[in-house]
Amino acid sequence: MKARSAPYLFIAPTMILLLAFGVLPILIALFVSFTDMNLAGLGNWSVIEFIGLDNYTKLFADPDFWQALTNTGIFAIIGVPCVVIISLVIALLLNRSGNWFFKALRTFYFVPAITAIVAISLVWGYLYNTQFGLFNYILSLVGLPPVQWLSDPVMVKVSLVLVAVWRGTGLNVIIFLAALQGVPKEYLEAASLDGASEFRKAVSVVIPLLRFAIFFVTITTIIAWLQFFDEPFVLTKGGPLGESTSVSLFLYQTGFSASQFGYASAGSVILFAIIAAITLIQLRTRRSDDDY
């Protein structure tokens, strides 16, 4: 084996998987989006007709799609900062000690990330129950009226964001904790010799050194929230009146429930374009770590 070809051979398996399960589905969705493919078309390709940009024209005139797009934007605007900030604060606090108690807490925070969404929906469905739920019971103890957590158009967004933040924090905490292990002790010791407080060291030394980790967590969290699906699917099915329908849930309902695969593929292509554009903007605006 020639030395110059060795790198290509090592990355070949990964590239093949990336092309098969990453690029190829996108190309297929792009092709299907120009057709009227439905459930009958899966069994008999001869009934599929090429309709050009009709799906995209119909999609941009669909108020349900715009409502789903708006809901997804609201979910991301509220949820992404919450997940990143809460994860970073928890990681900084957990990193202050390495005894058994703090190690147990790390496991505790990671549990939601590995818990099945069905189990999560059962627990949070009980907590949000308007008659027997824990949250309304606590409100009744202080004399407040019950809240329609999953049936009020505004509160349903807050309720779903709360579940998603609780579920998504653990994995990001682990990433931040791993990044904190790479912070040079010499910097912290020098700051201590200068009389810096723990808060000052965290703000002026630790957080700037976590810049890449914060960027990575932010970009992956944004992508995850733009594909927000599990929580609205299991807790609300998109209700009430579509107020909790995300774009991913809209595509699922359109494609698999209404059997409009071509129409849903057009929506998935638009969602992919939005995610790709936001990701590229973030990559272009990120400063080099060498600047520090």
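The values are calculated or read from the model by the stated rules, or taken from the named source; none is laboratory data. Predicted model only: the values in this text are computed from it and were never measured. As a convention, Cβ positions derive from the backbone with ideal geometry for all residues, glycine included, and neighbour counts pool all protein chains shown. Just the protein is used for accessible areas: all its heavy atoms, side chains included, with ligands, DNA and RNA removed. Shrake-Rupley method; radii C 1.70, N 1.55, O 1.52, S 1.80 Å.
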Taking only complete DSSP H runs, can you tell me which helices of the chain stretch 30 Å or more along their own long axis by Cα positions and average at least -0.5 on the Kyte-Doolittle scale? 63-94, 155-180, 261-285
Can you compute the charge dipole magnitude of the chain about its Cα centre, using +1 on each Lys and Arg Cβ and -1 on each Asp and Glu Cβ, nothing else charged? Give it in debye, rounded to the nearest 20. 800 debye
Grab the DSSP H runs of the chain that are 4 residues or longer, score each as -39,500 (n - 2.57), total them, divide by all residues and round the 222 nm result to the nearest 500 deg cm²/dmol. -21000 deg cm²/dmol
Any trypsin sites (Lys or Arg not before Pro) in the range 26-131 that lie in a DSSP loop and have at most 14 other Cβ atoms within 10 Å would be 96
What relative contact order, as a whole-number percentage, does the range 149-292 give when Cα pairs under 8 Å and 6 or more residues apart are counted? 24 percent
Remind me, what semi-axes does the chain give for its equivalent ellipsoid, largest first in whole Å, using sqrt of 5 times each Cα gyration tensor eigenvalue? 39, 31, 17
Just 30, 150, 226 to compare: in a GNM of the chain, with alpha carbon springs under 10 Å, which one fluctuates most? 30
Each label point is 7 Å from the Cα along the Cα-to-Cβ direction; what then is the distance between the points at residue 178 and residue 103, in nm? 1.9 nm
With every protein chain kept in place and a 1.4 Å probe, the chain has an accessible area per residue in Å² of 59 Å²
Apportionment of accessible area to carbon and sulfur, the chain, percent (1.4 Å): 71 percent
What does the accessible area of residue 214 come to, in Å² to the nearest 10, when a probe of 1.4 Å is used? 40 Å²
Run the numbers on the chain and let me know its relative contact order in percent, using alpha-carbon pairs under 8 Å that are six or more apart. 30 percent
Test of understanding: in a Gaussian network model of the chain with alpha carbons linked when under 10 Å, which of 15, 155, 37 would top the mean-square fluctuation ranking? 15
The range 258-277 to the range 61-114: how many Å between their Cα centroids? 26 Å
Using a Gaussian network model on the chain with a 10 Å cutoff between Cα atoms, which of 142, 173, 161 fluctuates the most? 142
